[in-house]
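Undergrad: Below: one structure in structure tokens.
What follows is calculated from the coordinates using simple rules that are stated; it is not laboratory data. Just so it is clear, the model here is predicted, and its values are computed rather than measured. Note: ideal-geometry Cβ built from the backbone for every residue, glycine included; neighbour counts use all protein chains shown.
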Amino acid sequence: MHDSVGHHLTAIRIQATATRRALRGRTPAADKALGTIADLSSSALEEVRALLDTLRETSVEPDQEDLGELAHRLSTPHLRISVHRTGHGPPLPPGVSRTVYRIVQEALTNAARHSGATEVEVRVRRGRAAVAVSISDNGHARAGAEGRGIRGMRERAQRHGGTLTAGPGPRHGWLVEATVPIDAPPEL
């Protein structure tokens, strides 16, 4: 959110300032209006930054430890979701843990909305160097154009140096597989 809003507010300020300089002295009313626009956009950007800092301090992001709760929340009498974990080690870095959670969250949402599945299996395998995640369902696989959800999952994995594939499973349903390195610094 900050990237988008911040970019637009900064662009407004830059355009207002540049136009004000180009018109300096020609029209006092335009000069005053453009100065006000530049000042207001700068103030708004500072307020957005302060609000986001406050939200970061007070919010608790879900992470891979919350997958059981997520599965329980999304399960219905017609959709059974199971989570299996293997491997262990020290706590995952927060960014990696949140990435695993968000990938699973999106894959489960897609399965519930689009696949007609009655069962979804989530497997999280913790290794020394990476976390491997697979989400498979017994629904109807429809190959097609990649949507925003899959693209977003892939970008999350890649941000941490990982990979993600998604498509029809080997026997039935849909399969999402991701590998996220544990110690790779995230790309900014």
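Undergrad: Subtract the Cα-Cα distance of Ala11 and Glu65 from 0.36 nm times their separation in residues, and report this length gain in nm to one decimal.
TA: The Ala11-Glu65 span can extend by a further 15.5 nm.
Undergrad: Can you pull out the trypsin sites (Lys or Arg not before Pro) in segment 86-123 whose DSSP state is coil and whose Cβ has at most 10 other Cβ atoms within 10 Å?
TA: none
Undergrad: With a ≥ b ≥ c the root eigenvalues of the C-alpha gyration tensor of segment 1-43, is it rounded (a/c under 1.5), prolate (a/b larger than b/c) or oblate?
TA: Because a/c hits 1.5 or more and a/b exceeds b/c, segment 1-43 counts as prolate.
Undergrad: What value in Å³ per residue do you get for the convex hull of the alpha-carbon atoms in segment 32-133?
TA: 158 Å³
Undergrad: What's the magnitude of the charge dipole for segment 1-137 around its Cα centre, counting Lys and Arg as +1 and Asp and Glu as -1 at the beta-carbon? Answer in Debye, nearest 20.
TA: Using Cβ point charges on Lys, Arg, Asp and Glu, segment 1-137 gives about 520 debye.
Undergrad: In addition: Can you list the DSSP H helices in the chain whose Cα atoms extend at least 30 Å along the helix axis and whose mean Kyte-Doolittle hydropathy is -1.0 or higher?
TA: Helices meeting the criterion: 2-23, 28-58.
Undergrad: Along the Cα-to-Cβ line of Leu51, 7 Å from the Cα, sits a label point; which residues in segment 2-40 have backbone N less than 19 Å from it?
TA: Backbone N within reach: 2-13, 37-40.
Undergrad: Moving on to the next point. What relative contact order, as a whole-number percentage, does segment 74-151 give when Cα pairs under 8 Å and 6 or more residues apart are counted?
TA: This gives 35 percent for segment 74-151.
Undergrad: Right, here's the next one. Here are labelled values, (1) 0.93; (2) 1.17; (3) 0.95, and one is the computed Rg/Rh (Cα atoms, Kirkwood Rh) for what I pasted. Which one?
TA: (2)
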